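For reference, the structure discussed in these notes is given below.
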Amino acid sequence: MIQFLELKNFRAFEHIRFEDLGRANLIIGGNNTGKTSVLEALVLKLGSGRQLKALPSTFREQIQNDEFPSYWSLLARNSDWEGFRIETDQGRVFEELHPHGHRQILEEAQGKRSSLGNLQKDQFSLSGFGPRIPTSIIPTKASPPGFIADLFNQIAPLNPENEDRLQQLIRESIEPRLKRLRYARPKGTRTHLVYVDLGSGPMLPFTQLGQAFCRVLEIYCEIFASQPKVILIDEIENGLYYEGLPDFWNGLYEVLEDQDVQLFATTHSRECMEAAHKAAAARKEYPLRYLRLDRRADDPQKIVATTFGQEEMETAIRSEIEMR
Amino acid sequence: MNPATDIALVLCEGRDDQRVMEALAEHESIGGRLTFEHYAESGTLAAHLRTLSKRGDFQQGRVRSLLVTRDADDDPGNRWTSVRDAVHRAFGVELSAPGDWSPCDSGPRIAAWVNPQPGEPGMIETVCLAAARSRSPQLFSCIDDFMSCVESAQRGPLHEKARFHIWSIVAQGPGAQDRLSLAAALDRLPPDWSDPSFDGLRKSLREAAGEIPAI
């Protein structure tokens with residue numbers, strides 16, 4: 001597991017460092033404090049070539065293709081000063097400045113240095129990367145139903161235990177009526193989907209069951225199918241009704257521990273923070289850390305980071321202290 | 001201080017202490033410049049301060065002054081040590097004496113005050129009763145008689161808080177909303193807020209509000 005994350009001159013951050021990271025890490029803070037930038041830094045440090053190429057629009061739906069080159073040139077907060085640096089206990093990714101505006105993104109891990117990409121006159125090219133930690137990304141925008149169905153299909157035929165587990169998790173966390181899930185393409189339809197048996201009437205395509213069901217199905221399918229070591233989820237509470245959040249978190253912690261996955265997720269929701277804490281406090285070992293970002297009032301360009309955990313959250317809930 | 005964005009926070013031990021201090025601040029015309037909060041009980045102060053230090057307004061640097069208050073109860077020396085240690089663990093600030101302000105590197109200036117007075121046993125109720133007594137001596141002769149009668153009947157002394165609660169009940173308004181409301185009692189039968197017994201606390205509150213410069 002990643003123990004610490006340090007960002008220098010990256011996006012809006014001059015220098016922040018999160019210590020004592022946990023199995024699950026909830027990134028919180030006001031608007032424009034850089035929550036999503038932390039996820040982007042983790043993609044740069046951990047992500048595959050495909051994930052790196054798609055990074056500019058992964059968490060920023062509005063970004064257009066013609067903005068991709070400038071996205072890469074804007075990663076450094078102060079481009080005249082020095083390149084950015086993303087460091088964890090498992091190595092670092094950093095930018096080196098060369099004459100004539102050429103910038104090179106380098107990776108250093110286990111004593112080896114390799115070139116990750118080059119940026120020249122706003123043109124970015126990916127040149128390669130060393131061994132990376134398998135990472136899954138779930139942005140705010142829902143993935144296409146066919147993509148989620150394909151993920152489900154990767155689990156089901158090959159690993160019936162995980163299929164049973166997935167059904168049980170969804171039953172416990174979002175839909176107690178669930179009898180079974182099936183990957184199917186009924187006559188008259190064009191694509192395979194996941195169909196849901198709720199115990200009465202015909203099986204329904206999962207897309208008919210609402211945003212929360214789709215979100216939870218996608219998260220669990222992604223973990224079981226892709227078997228990542230790190231999963232990044234933007235606005236994790238999206239679509240989830242607050243009453244179901246404690247069960248959702250219970251199930252998620254179980255899977256994170258079983259599958260040895262580390263979670264980094266952003267949230268705006270106090271209910272989500274509290275539900276995550278209550279479920280975490282019921283576990284043998286408290287798995288949760290809150291990574292908080294704040295913009296200084298006396299220097300609005302400066303963002304500061306702090307990490308807190310069980311004691312602070314218990315005190316906050318007991319004394320009604322607002323920690324968002 | 002910029003009153004629009006800067007916060008001067010007074011942290012009180014429980015709701016009753018908070019109500020008394022809010023009323024004193026109102027009397028001093030500094031209520032609008034102070035934000036009052038309370039912690040649940042004395043044993044939770046250290047955890048409360050550690051949590052506050054990570055709260056948004058502290059991290060953003062919007063809290064410019066923090067006055068931590070608590071009651072001395074029967075052990076003023078120990079209570080001062082515990083509040084000083086709790087502040088040090090949460091903010092890394094060494095407080096030298098009750099009421100003295102200390103700067104914090106990237107946080108608010110901090111002071112702590114132990115009621116009723118440095119080195120004296122008691123609580124905010126002690127201060128409040130002294131000031132209420134000087135305002136309404138006739139009423140307190142009845143309360144004292146009543147207390148003596150009860151103490152004699154049960155063959156043991158009542159806690160100082162009992163006298164405070166009897167006073168606050170006597171001072172209740174007639175309406176259903178006013179019963180068992182300390183705020184209503186303070187409004188209806190207020191202590192003499194100018195009483196010297198409030199001087200130490202008054203000074204700390206005024207310094208927290210930026211009314212008089214902290215030394």
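General observations
Yes/no matrix, rows are residues, columns are (1) modelled with pLDDT under 95; (2) of a type in the set (A, V, I, L, M, F, W, C); (3) over 30 Å from A:F4 (Cα atoms):
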{"position": "A:Q168", "(1), (2), (3)": "yes, no, yes"}
{"position": "A:R190", "(1), (2), (3)": "yes, no, yes"}
{"position": "A:M203", "(1), (2), (3)": "yes, yes, yes"}
{"position": "A:Q211", "(1), (2), (3)": "yes, no, yes"}
{"position": "A:V216", "(1), (2), (3)": "yes, yes, no"}
{"position": "A:P228", "(1), (2), (3)": "no, no, no"}
{"position": "A:I233", "(1), (2), (3)": "no, yes, no"}
{"position": "A:F248", "(1), (2), (3)": "yes, yes, no"}
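- Considering only residues in the stretch A:193-236 that are among the charged types (D, E, K, R) and open to solvent by 30 Å² or more (accessible area, probe 1.4 Å), the one that is nearest to A:S173 (Cα to Cα) turns out to be A:E235.
- Scanning the stretch A:156-176 for residues that are more than 16 Å from A:Y253 (Cα to Cα), open to solvent by 80 Å² or more (accessible area, probe 1.4 Å) and touching an Asp or Glu at 6+ places or on another chain (Cβ under 9 Å) yields one hit, A:P157.
- Filter pass, A:G239 being away from chain B (no Cβ under 14 Å), modelled with pLDDT under 95, surrounded by fewer than 17 Cβ atoms within 10 Å (Cβ to Cβ) and within 26 Å of A:G47 (Cβ to Cβ): yes
- Unmet requirement for A:V43, which otherwise passes all of (1) out of contact with any helix residue (DSSP H, G or I) (no Cβ under 6 Å at 6 or more places or on another chain); (2) modelled with pLDDT of 85 or more; (3) open to solvent by less than 50 Å² (accessible area, probe 1.4 Å): (1)
- In this entry, B:I143 is excluded by the filter for residues that are open to solvent by 30 Å² or more (accessible area, probe 1.4 Å), in a helix (DSSP H, G or I), touching a helix residue (DSSP H, G or I) at 6+ places or on another chain (Cβ under 7 Å) and not assigned by TED's automatic domain parsing to the domain that holds B:D17.
- Considering B:E28, B:E41, B:E94, the condition of being within 14 Å of chain A (Cβ to nearest Cβ), of a type outside the set (A, V, I, L, M) and surrounded by fewer than 21 Cβ atoms within 10 Å (Cβ to Cβ) is satisfied by B:E41 alone.
- Of the residues contained in the stretch B:3-16, one or more are found to be open to solvent by 10 Å² or more (accessible area, probe 1.4 Å), facing chain A (nearest Cβ under 10 Å), assigned to a strand (DSSP E or B) and touching a residue at least 12 places away in the same chain (Cβ under 8 Å).
- Hits in the stretch B:172-192 (condition: touching a residue at least 24 places away in the same chain (Cβ under 8 Å) and surrounded by 19 or more Cβ atoms within 10 Å (Cβ to Cβ)): B:L182, B:L186, B:P191
- Test: residue in the stretch B:121-131 that is open to solvent by 40 Å² or more (accessible area, probe 1.4 Å) and assigned to a strand (DSSP E or B): no
- Test: residue in the stretch A:68-87 that is in a strand (DSSP E or B), aliphatic (A, V, I, L, M), buried (at least 16 other Cβ atoms within 10 Å of the Cβ) and within 14 Å of chain B (Cβ to nearest Cβ): no
- The stretch A:266-324 - residue that is assigned to a strand (DSSP E or B) and more than 10 Å from chain B (Cβ to nearest Cβ) and, of those, farthest from A:F10 (Cα to Cα): A:L288
- The set of residues from the stretch A:212-255 being under 14 Å from the mean Cα position of the chain (by Cα) and hydrophobic (A, V, I, L, M, F, W, C) comprises A:V216, A:I219, A:I223, A:V230, A:I231, A:L232, A:I233, A:I236, A:L252.
- Within the span defined as the stretch B:49-71, one or more residues are open to solvent by 10 Å² or more (accessible area, probe 1.4 Å) and away from chain A (no Cβ under 14 Å).
- Residue match in the stretch A:257-265 (condition: at pLDDT 95 or above and assigned to a helix (DSSP H, G or I)): yes
- Strands (runs of 3 or more DSSP E) lying entirely in the stretch A:88-148 (those with 2 or more residues that are open to solvent by less than 50 Å² (accessible area, probe 1.4 Å)): A:91-97, A:103-109, A:112-120, A:135-138
- Restricting attention to the stretch B:171-198, the residues that are farther than 22 Å from B:L9 by Cβ and under 19 Å from the mean Cα position of the chain (by Cα) total 12.
- Scanning the stretch B:78-119 for residues that are aliphatic (A, V, I, L, M) and in a loop (DSSP other than H, G, I, E, B) yields B:V93, B:L95, B:A97.
- Conditions (1) open to solvent by less than 10 Å² (accessible area, probe 1.4 Å); (2) in contact with a helix residue (DSSP H, G or I) (Cβ under 6 Å, 6 or more places away or on another chain); number of the one not met by A:F59: (1)
- Test: residue in the stretch A:136-149 that is within 22 Å of the chain's Cα centre (by Cα) and farther than 30 Å from A:Y195 by Cβ: no
- Subset of the stretch A:22-36 [open to solvent by 10 Å² or more (accessible area, probe 1.4 Å) and more than 14 Å from chain B (Cβ to nearest Cβ)]: A:R23, A:T36
The values are calculated or read from the model by the stated rules, or taken from the named source; none is laboratory data. Source: prediction; values computed, not measured. Neighbour counts run over all protein chains shown; Cβ positions are idealised from the backbone, glycine included. Surface areas here come from the heavy atoms of the whole protein model, side chains and all, with no ligands, DNA or RNA. Shrake-Rupley method; radii C 1.70, N 1.55, O 1.52, S 1.80 Å.
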